[in-house]
Ligand SMILES: [Fe+2]
Ligand SMILES: [Fe+2]
């Protein structure tokens, strides 16, 4: 997400201060996410998968280091230094992406019988790594995409992420938690439907990119993301207090909650940029 309070220059290029601030926000958010993915993957491997466990641990420490380094930088950091750091982090994100795809290949060819990582979860975390690396490449290129394109593309990405989360929660809750499993399934259906709607809007581009349609699209998505975010928050609290039966790690519950919060922030930023626009320049 590159749209923040500050506007790009006349050539739709990102300004240096916007570049540093956006880069830091992305790296701080996603390096923690990548670190936690390494932990979740490691927990799902079997005891004998020592090679994979070591590899996951290495990524954990790598992204922990990146996260710490990002907090040593500030919005006043020299843009050139930021650019170099972005490249370094982008390489790390590309590597963890490749690791996740390798693990997915092992699972899908039945080479890890009895391991506990769902293929969709591994694919999901690899999509998040790919999103992170592409975001860093785009930031370093400094060119912003038109707002209307960004709105549809980001929503297509995040709606699928949200639909996956609902599916993971539904499958990792104990089957005896019937009410909560039902609620998770309802969220899964709701987000699958929203994702199809988003893809329909995408296929109707550019004619579908009017301010009223995009505004309504964001409003409708926001309503569902807010209720999923609240459901995740409740689930997280119940898991932390040991009040429900599940095999969900408390950190995973918090992780998916933070990703929903992040999506909401993006929706709000888009909304703020749409407000005041009656139509897009053709
Ligand atoms: Fe994640
Ligand atoms: Fe996720």
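What to note about this one:
- If the segment from residue 196 to residue 111 were pulled out straight at 0.36 nm per residue, it would be longer than the present Cα-Cα gap by 27.2 nm.
- In this entry, region 191-236 is assigned a mean projected area of 3.3 nm², taken as a quarter of its C-alpha convex hull surface.
- Length added when fully stretched, residue 58-residue 95, from 0.36 nm per residue minus Cα-Cα: 12.2 nm
- Which of 158, 71, 60 has the fewest Cβ neighbours within 10 Å, and the rest in rising order: 71, 60, 158
- Sequence of 226, 89 once ranked by neighbouring C-beta atoms within 10 Å, starting from the fewest: 226, 89
- Label point 7 Å beyond Cα of residue 17 along Cβ direction - residues of region 64-93 with amide nitrogen under 14 Å: 75-79
- Start at zero, step by 5 Å, and the Cα-Cα distances of the chain spread as 1, 5, 12, 15, 17, 16, 15, 10, 6, 3, 1, 0, 0 percent across the bins.
- Largest GNM mean-square fluctuation across 209, 90, 220, computed for the chain with C-alpha springs under 10 Å, falls on 220.
- Approximate spin-label separation residue 186-residue 174, in nm, with each point projected 7 Å along Cα-to-Cβ: 2.3 nm
- Alpha carbon Rg of region 23-151, scaled by the compact-globule rule 2.2 N^0.38 Å: 1.15
- Using 0.36 nm per residue and subtracting the Cα-Cα separation, the extra length available between residue 138 and residue 204 on full extension is 21.3 nm.
- Largest GNM mean-square fluctuation among 233, 145, 179, using the chain with Cα springs under 10 Å: 179.
- For region 114-224, the alpha carbon convex hull comes to 107 Å³ per residue, rounded to a whole number.
- A Förster radius of 41 Å combined with the Cβ-Cβ distance from residue 224 to residue 81 puts the calculated FRET efficiency at roughly 0.55.
- Pair-distance distribution P(r) for region 146-282, from all Cα-Cα distances in 10 Å bins starting at 0: 12, 41, 27, 15, 5, 0 percent.
- Centre separation in Å (Cα based) which lies between region 217-276 and region 34-55: 26 Å
- Ascending count of other beta-carbon atoms within 10 Å, so fewest first, for 208, 176, 188: 176, 208, 188
- On the principal axes of its alpha-carbon atoms, region 12-61 has extents of 52, 18, 14 Å, going from largest to smallest.
- Here the simple spin-label model places points 7 Å from the Cα toward Cβ, and for residue 243 and residue 153 these points are separated by 4.2 nm.
- Selected from 244, 161, 169 as most flexible by GNM, with the chain as the system and alpha-carbon contacts under 10 Å: 244
Read-outs throughout are calculated quantities, based only on the coordinates presented, and are distinct from any laboratory measurement. Remember, it's a predicted structure, so these values are computed and weren't measured experimentally. Note that each Cβ is placed from the backbone with ideal geometry, even for glycine, and that neighbours are counted across all protein chains shown.
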